[in-house]
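Below is one structure, written out as structure tokens, with a few remarks after it.
Bear in mind that the values in this text are calculations on the coordinates, not laboratory data. Owing to the predicted nature of the structure, the values given are computational and were not obtained by experimental measurement. All Cβ positions, glycine included, derive from the backbone under ideal geometry; neighbour counts span all protein chains shown.
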Amino acid sequence: MTTTQMMAQDQIAANVQKWTLMLCDALKDNYREYAIRGYRYPYADNLAQLEYGRRKIEELKNGDCPIDYVIETGKKYHKVIFVDCGGSRSVHCFIDKKTGEVYKSASWKSPAKGVRYDLRLIADREYLLEKADWSGGYLYAK
């Protein structure tokens, strides 16, 4: 392998890391929008319930989010992990460190078969960052 090829692989790996972080941010933003819609209480007839909803919406808009997405890097994959407010953790997806291929999780330790998206492809990456939902529905086979 030439030095140029090694540098290209290193650049792709660095980009995959950056795109994985961007996906985590997009997922968190999607959750924030989802939660704000849920706290709007258009049916609420209780003043306390309305006030609670307003307070939660303000907290979410100010960046206080009860969930998080973290990345654990293994030998082959970046594992994107959903962490809820109680500290429970579940694997959201796997991303191949070298290729940027995105997989739905099959278990805590392994991805499901079949590439769902390829972060190296601009169209896939843009679609993923725009349409990715916090609960992972976008990862089911197309």
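Miscellaneous remarks
- Secondary-structure-derived ellipticity at 222 nm for the chain, considering helices only, amounts to -15000 deg cm²/dmol, per-run term -39500 (n - 2.57) for DSSP H runs with n ≥ 4.
- Within the chain, longest stretch clear of exposed chymotrypsin sites (Phe, Trp or Tyr not before Pro) (DSSP loop, no more than 10 other Cβ within 10 Å): 44-107
- Plainly put, the stretch 3-136 has a radius of gyration that is 1.09 times its Kirkwood radius, both from alpha-carbon atoms, as the Rg/Rh ratio.
- Residues Leu129, Leu47, Leu119 arranged by fewest to most Cβ contacts within 10 Å: Leu47, Leu129, Leu119
- Derived scalar couplings ³J(HN,Hα) [the stretch 85-95; Karplus, 6.51 cos²θ - 1.76 cosθ + 1.60; whole Hz; x for Gly, Pro]: 5, x, x, 5, 10, 9, 7, 7, 6, 10, 10
- The loop-placed trypsin sites (Lys or Arg not before Pro) in the stretch 69-108, going by DSSP, that have at most 14 neighbouring Cβ atoms within 10 Å of their Cβ come out as Lys75, Lys76, Lys98.
- Subset of Lys61/Lys97; Lys56/Lys104; Lys56/Lys97; Lys28/Lys76; Lys56/Lys131; Lys28/Lys97 violating a 29 Å alpha-carbon distance limit: Lys61/Lys97; Lys56/Lys104; Lys56/Lys97
- Computed from the Cβ-Cβ distance with R0 of 35 Å, the FRET efficiency linking Ala112 to Ile12 stands at 0.95.
- With the simple model of a label 7 Å out from the Cα in the direction of the Cβ, Asp29 to Ala123 spans 2.2 nm.
- The stretch 64-122 - convex hull of alpha carbons, volume per residue in Å³: 89
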